[in-house]
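I have placed the structure first, in the form of structure tokens, so that the comments after it can refer back to it.
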Amino acid sequence: MPSHTAGTPRLGVGTFPVSGLGRPSAEQATALLTRALDAGIRLIDTADSYHLPGESEGYAERLVLAALERWGGDVTEVAVITKGGRRLLPDGTRVSAASPLDLEQACRRSLDRLGLDAIPLYLLHRPDPAVPYAESLRALATLCDTGLVERVGISNADLDQIALAHDILGERFTAVQNEYSPWNRAAEPELRHCLEHDLEFLPWGGFGGAESGSRPDTEPALRELAERHGCTPHQVLLLWLLEQGTCPIPGVRRPESLDSCLAALALPNRQQIAIDAASVIDRISGVSTVSTTPASPTFPAH
Ligand SMILES: NC(=O)c1ccc[n+]([C@@H]2O[C@H](COP(=O)([O-])OP(=O)(O)OC[C@H]3O[C@@H](n4cnc5c(N)ncnc54)[C@H](OP(=O)(O)O)[C@@H]3O)[C@@H](O)[C@H]2O)c1
């Protein structure tokens with residue numbers, strides 16, 4: 001069994017829902033992120049483009065800084081992940097901007113907003129069709145070499161892009177963030193690669209995405225399984241994601257969602273839930289669960 005049976009589950013928190021449509025107030029969001037830190041979460045996923053259309057970039061990054069300051073603990077313990085290479089335009093369109101100059105400038109702005117000495121993990125948000133992927137990757141290497149970031153990773157990447165990242169970034173390359181949920185298992189090969197090559201795999205949209213985060217509740221088989229084990233469909237899913245060897249980063253808007261994720265890690269029957277979840281979720285997905293050894297933890301344990 002991976003992570004959670006060893007008593008050190010890796011769990012992060014995603015900041016997309018606190019920065020987009022339907023978001024809570026900045027005060028509520030700061031309190032929520034502080035609550036996560038107080039509860040022992042040491043991984044926060046954000047991006048410079050997590051903000052509302054028409055608003056200046058970096059809204060979510062500023063919330064992260066506010067939470068780190070309010071928490072008052074040792075920030076070097078917290079793996080803050082941010083991403084660059086993507087912009088949200090005032091009309092709501094998202095566009096890529098991952099030239100070396102774009103990335104360097106974006107990274108410096110993120111660093112400034114986060115108030116850190118160096119960004120623990122910086123991700124290329126998405127390949128930019130207008131920029132050769134190798135050029136964006138070389139820019140990430142430079143960010144590492146100049147000390148602006150500690151480690152780098154890529155997001156929304158396929159196996160060819162991961163192979164290129166290994167070549168260009170070497171040991172600086174430590175993580176991949178792709179969409180992965182029962183309803184989208186397309187990243188199964190990339191997940192398998194990460195498990196086999198000691199890269200962290202951070203699944204986004206694990207509960208179906210911020211806009212449809214209640215999707216687990218609509219699956220009768222998940223609900224039935226959850227009911228049988230005295231937990232919720234989201235908790236079943238979270239334990240399944242951990243069992244898959246991923247490092248989940250569920251997005252949360254409400255303190256109840258955060259508390260429910262944390263409570264899942266303490267369920268006495270979590271191992272059995274994860275085992276039972278595999279076949280149920282495979283049926284929902286229409287694919288088979290990968291059976292490989294999980295990557296060794298890169299991030300501080302929760
Ligand atoms: N790299 C990329 O391209 C990319 C793209 C999208 C997202 N991301 C990252 O991945 C993170 C996760 O994805 P996501 O936020 O889009 O979607 P998600 O994690 O699939 O779903 C988030 C929604 O799930 C609900 N939720 C979470 N825990 C719950 C629980 N225990 N019980 C009931 N409901 C629960 C939340 O509801 P409430 O809001 O009501 O609390 C939230 O709105 C993001 O926050 C972001 O950091 C990355």
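Computed from the coordinates by the stated procedures, all read-outs in this text should not be read as laboratory data. Note that the coordinates shown come from a computational prediction; the quantities given were computed from them, not determined experimentally. For neighbour counting, all protein chains shown are included, and Cβ atoms are generated from backbone atoms with ideal geometry for every residue, glycine included.
Can you tell me what share of the DSSP beta bridges in the chain is antiparallel? A percent to the nearest 5 is fine.
15
Anyone know which of 182, 268, 24 comes out most mobile in the 10 Å Cα GNM of the chain?
Of 182, 268, 24, the most mobile in the Gaussian network model is 268.
Could you tell me which of rounded, prolate or oblate describes segment 3-285, using a ≥ b ≥ c as the square roots of the eigenvalues of the alpha-carbon gyration tensor, with rounded for a/c under 1.5 and, failing that, prolate when a/b is larger than b/c and oblate otherwise? Could the numbers behind the result be given before it?
Values: a/c = 1.66, a/b = 1.35, b/c = 1.23.
Prolate, since a/c reaches 1.5 and a/b exceeds b/c.
Can you tell me, using C-alpha contacts under 8 Å and at least 6 residues apart, the relative contact order of segment 177-271 as a whole percent?
26
On a C-alpha basis, how far is the centre of segment 173-236 from the centre of segment 90-144 in Å? Whole number, if you could?
With segment 173-236 and segment 90-144 each reduced to a Cα centre, they are spaced 26 Å.
GluC sites (Glu not before Pro) within segment 47-122: which are DSSP loop residues with at most 13 other Cβ atoms inside 10 Å?
Taking segment 47-122 and a limit of 13 other Cβ atoms within 10 Å, the loop GluC sites (Glu not before Pro) found are 55.
Just 163, 175, 187 to compare: in a GNM of the chain, with alpha carbon springs under 10 Å, which one fluctuates most?
163
Counting Lys and Arg as +1 and Asp and Glu as -1, what is the net charge of the other residues whose Cβ lies under 14 Å from the Cβ of residue 73?
-1
For segment 183-264, what class follows from the C-alpha gyration tensor (a ≥ b ≥ c being the square roots of its eigenvalues): rounded when a/c is under 1.5, otherwise prolate if a/b is larger than b/c, else oblate?
prolate
GNM on the chain, C-alpha springs below 10 Å: top fluctuator among 124, 199, 89?
89
Can you check what the net charge comes to around residue 220, using other residues whose Cβ is under 14 Å from the Cβ of residue 220 (Lys, Arg +1; Asp, Glu -1)? Intermediate results must be reported in sequence, preceding the final value.
Details: positive: 215, 223, 228, 283; negative: 217, 219, 224, 227.
Residues near residue 220 contribute 0 overall.
With a Förster radius of 22 Å, plug the Cβ-Cβ distance of residue 271 and residue 192 into 1/(1 + (r/R0)^6) and report the FRET value to the nearest 0.05.
E(calc), rounded to 0.05, equals 0.50.
Once the Cα gyration tensor of segment 19-132 is diagonalised, what are the square roots of 5 times its eigenvalues, in whole Å and ordered largest first, as equivalent ellipsoid semi-axes?
25, 17, 10
Most exposed first by the Cβ proxy, i.e. fewest other Cβ within 10 Å, how do 246, 232 rank?
Taking fewest neighbouring Cβ atoms as first place, the list is 232, 246.
List the relative contact order of the chain as a percent without decimals, with contacts defined as Cα pairs under 8 Å and 6+ residues apart.
20 percent.
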